[in-house]
Amino acid sequence: MSTEDALFTILMVDDDPDDRLLFKEACEEVRLKNPLEFLENGEQLLDYLKRQGNYAHLKGEPFPGIILLDLNMPLKDGREALEEVKADPELRDIPIIILTTSKSEDDILSSYGLGASSYIVKPISLDRLMRVINSIGEYWVQIVEAPGQSDADLEPID
């Protein structure tokens, strides 16, 4: 298995294609080597994690190492998805970072109350987003020991 295959996946769930593209570009700029996957809403997230519907082919594959979750999305918003993931014993240990435009104290408190690992307000510039991704990379990829990870899962940022 190559080092690339051993890296855990970072999954971003956000309905805004511009935000997904900006995040991907920022990850490339800071040379984050973990594979990225993108989903558009909470329904897709639950199907992806439960390996059902369009994601049944992922049965047996490892779960993402980190989920970046927007709160305001159609079909099933981030709040509902967060609550469902954290209620599932098989999924609850996956770190979920809320990455949203909302600065609402209610959203912050309810997200932590539902089990979010972190809450980050989306930066609007590529430069600031790169700093956030660097911080996420340093903390969640290099420092934190998460359940089910080994040193083989980690690839430092250059």
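Would you mind telling me the share, in percent, of accessible area of the chain contributed by carbon and sulfur at probe 1.4 angstrom? It would help to have the intermediate numbers written out before the result.
Numbers: 4020 of 8350 Å².
Exposed carbon and sulfur together represent 48 percent of the surface.
With the Cα gyration tensor of the range 17-83 giving a ≥ b ≥ c as the square roots of its eigenvalues, does the rule (a/c under 1.5 for rounded; else a/b larger than b/c for prolate; else oblate) give rounded, prolate or oblate?
Values: a/c = 2.16, a/b = 1.25, b/c = 1.72.
Cα axes put the range 17-83 in the oblate bin.
Legend: translational diffusion of the range 66-136 by Stokes-Einstein, Rh = Kirkwood radius over C-alpha pairs, 10 °C, 1.306 mPa s; D = 127 µm²/s. Each Cα pair under 8 Å and six or more residues apart adds its sequence gap; the mean of these over the residue count of the range 1-112 is a relative contact order of 27 percent.
Of the candidates Leu126, Leu69, Leu32, which one comes out as most mobile in a Gaussian network treatment of the chain with C-alpha springs shorter than 10 Å? So, out of Leu126, Leu69, Leu32, the one fluctuating most is Leu126.
R0 = 22 Å: FRET efficiency of Ala87 with His57, Cβ-based, nearest 0.05?
Values: r = 25 Å, r/R0 = 1.13.
According to the calculation, E is roughly 0.30.
Between the exposed loop cleavage positions of the chain, defined as trypsin sites (Lys or Arg not before Pro) in a non-H, G, I, E, B DSSP state with at most 10 neighbouring beta-carbon atoms within 10 angstrom, the longest gap is 1-58.
The residues of the range 27-152 expose on average 53 square angstrom of accessible surface per residue, using a 1.4 Å probe on protein heavy atoms.
Computed over the alpha-carbon pairs of the range 1-143, the distance histogram in 10 Å steps reads 11, 44, 37, 7, 0 percent, short to long.
For the cross-link pairs Lys86/Lys122; Lys50/Lys76; Lys50/Lys103, which exceed 20 Å when the distance is taken from alpha carbon to alpha carbon? Could you put the intermediate results ahead of the total?
On the way: Lys86/Lys122 22 Å; Lys50/Lys76 15 Å; Lys50/Lys103 30 Å.
Exceeds cut-off: Lys86/Lys122; Lys50/Lys103.
The values are calculated or read from the model by the stated rules, or taken from the named source; none is laboratory data. Predicted model, so just to flag it, every value in this text is computed and none were measured. Ideal geometry is used to build each Cβ from the backbone, glycine not excepted, and the neighbour counts take in all protein chains shown. Remember, those area values only see protein heavy atoms, side chains included, never the ligands or the DNA or RNA. Shrake-Rupley method; radii C 1.70, N 1.55, O 1.52, S 1.80 Å.
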